[in-house]
1. Among Val91, Val149, Val173, Val181, which is part of a strand (DSSP E or B) and either at pLDDT below 95 or touching a strand residue (DSSP E or B) at 6+ places or on another chain (Cβ under 7 Å) (or both)?
2. So for the range 186-203 (the condition being within 23 Å of Pro106 (Cβ to Cβ) and in contact with a helix residue (DSSP H, G or I) (Cβ under 6 Å, 6 or more places away or on another chain)), does at least one residue qualify?
3. Tell me, which residue of the range 201-227 that is in a loop (DSSP other than H, G, I, E, B) and loosely packed, with under 14 Cβ neighbours inside 10 Å is modelled with the highest pLDDT?
4. Is it the case, given these coordinates, that Phe115 is in contact with a Gly (Cβ under 7 Å, 6 or more places away or on another chain) and under 15 Å from Arg154 (Cα atoms)?
5. At pLDDT 95 or above, basic (Lys, Arg) and either in a loop (DSSP other than H, G, I, E, B) or within 23 Å of Tyr103 (Cβ to Cβ) (or both): does that describe Arg128?
6. Has the range 150-157 got any residue that is of a type in the set (Asp, Glu), surrounded by 18 or more Cβ atoms within 10 Å (Cβ to Cβ) and in contact (Cβ under 8 Å) with a residue 40 or more places away in the chain?
7. Being surrounded by 14 or more Cβ atoms within 10 Å (Cβ to Cβ) and either under 24 Å from the mean Cα position of the chain (by Cα) or within 29 Å of Met162 (Cα to Cα) (or both) is the filter here, so list the residues in the range 56-76 that pass it.
Amino acid sequence: MLNSVKELNGYHQHEPEYRNGHANGKANGKTNGAVAHHDETKEAKQAIETAVRTILTNVGEDPDREGLIGTPDRIARMYDEILAGYTTDPVKLVNGALFDVEYDDPVIVKEIEYFSMCEHHMLPFFGRAHIAYIPSDKVIGLSKIPRIVEMFARRLQVQERMTRQIAEMIDEVLKPQGVAVVVEGSHMCSMMRGVKKEHPRMMTSYMIGKYKEDKELRREFMDQLRK
């Protein structure tokens, strides 16, 4: 069921390829694949460290001075954490936590904190996501909804796309009667540079099914967010 979600997530572009190194590209077993993946990860980390040293040099710093010696390594490890959404497997994330329930009223999860990175300037944006869905015949484990938010937040993003991706994955996984996602975010790219406004906040929304069709449902959801 989640293969199309993998496509949506872009996970297929980052899966390790278990290849034996020959031209036919056929796997010789997961051991070789794990080693190859480890080597690729190590090479990627080294490439990031080299890029950081180049940046430090070109902004007028000395990457070999005491305070900066470990900075390339720290940044490479940081990117591995804050951009982990690229390699998150949505199938493992959901992990079968779908349950048959006779319930067809809205399920609302509010105030989901997230941190992401703007793809335009590679500066953070952060805020809270609010999600509602109306079950058809299944509900999803409560902890999985924040994990879905995190999967899409932990990558280079724009808030509008992230809002849609969250809604579409929940719709794909649950096949509910409707999904509503509202995301609010503060963007460091507008706080630190450009217009330099201290407290700008952006709100985006994406509605599917009944939430898109029924104005009263949308109003009730928005009213819940104000409480």
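1. Working: Val91 fails: part of a strand (DSSP E or B); Val149 fails: part of a strand (DSSP E or B); Val173 fails: part of a strand (DSSP E or B).
Residue meeting the stated conditions: Val181.
2. At the first step, the residues of the range 186-203 found to be within 23 Å of Pro106 (Cβ to Cβ) are 203.
So of that shortlist, the ones also in contact with a helix residue (DSSP H, G or I) (Cβ under 6 Å, 6 or more places away or on another chain) come out as none.
No, every residue in the range 186-203 fails to be within 23 Å of Pro106 (Cβ to Cβ) and in contact with a helix residue (DSSP H, G or I) (Cβ under 6 Å, 6 or more places away or on another chain).
3. Here is the first cut: in the range 201-227, the ones in a loop (DSSP other than H, G, I, E, B) are 201, 214, 227.
From what is left, the residues that are loosely packed, with under 14 Cβ neighbours inside 10 Å are 201, 227.
On the way: Arg201: 88, Lys227: 80.
Filtering first and then ranking leaves Arg201.
4. Working: in contact with a Gly (Cβ under 7 Å, 6 or more places away or on another chain): no; under 15 Å from Arg154 (Cα atoms): yes.
Answer is no for this residue.
5. Numbers: at pLDDT 95 or above: yes; basic (Lys, Arg): yes; either in a loop (DSSP other than H, G, I, E, B) or within 23 Å of Tyr103 (Cβ to Cβ) (or both): no.
It is false that Arg128 is at pLDDT 95 or above, basic (Lys, Arg) and either in a loop (DSSP other than H, G, I, E, B) or within 23 Å of Tyr103 (Cβ to Cβ) (or both).
6. Step one: list which residues in the range 150-157 are of a type in the set (Asp, Glu), which gives 150.
Checking which are surrounded by 18 or more Cβ atoms within 10 Å (Cβ to Cβ) leaves us with 150.
Still in the running and in contact (Cβ under 8 Å) with a residue 40 or more places away in the chain: 150.
Yes: one or more hits.
7. As a first pass, look at the range 56-76 and keep what is surrounded by 14 or more Cβ atoms within 10 Å (Cβ to Cβ): 56, 61, 63, 68, 71-73, 75-76.
The answer is Pro72, Asp73, Ile75, Ala76.
One line per residue, one yes/no per condition, for (1) in a helix (DSSP H, G or I); (2) of a type in the set (Val, Ile, Thr); (3) under 30 Å from Val139 (Cα atoms); (4) modelled with pLDDT of 95 or more:
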position	(1), (2), (3), (4)
Lys6	yes, no, yes, no
Gly33	yes, no, no, no
His37	yes, no, no, no
Glu40	yes, no, no, no
Glu43	yes, no, no, no
Thr50	yes, yes, no, yes
Glu61	no, no, no, yes
Asp73	yes, no, no, yes
Ala76	yes, no, no, yes
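The values are calculated or read from the model by the stated rules, or taken from the named source; none is laboratory data. No experiment lies behind these values; they were computed from the predicted model shown. No Cβ is skipped: glycine too gets one built from the backbone with ideal geometry, and neighbour counts run over all protein chains shown.
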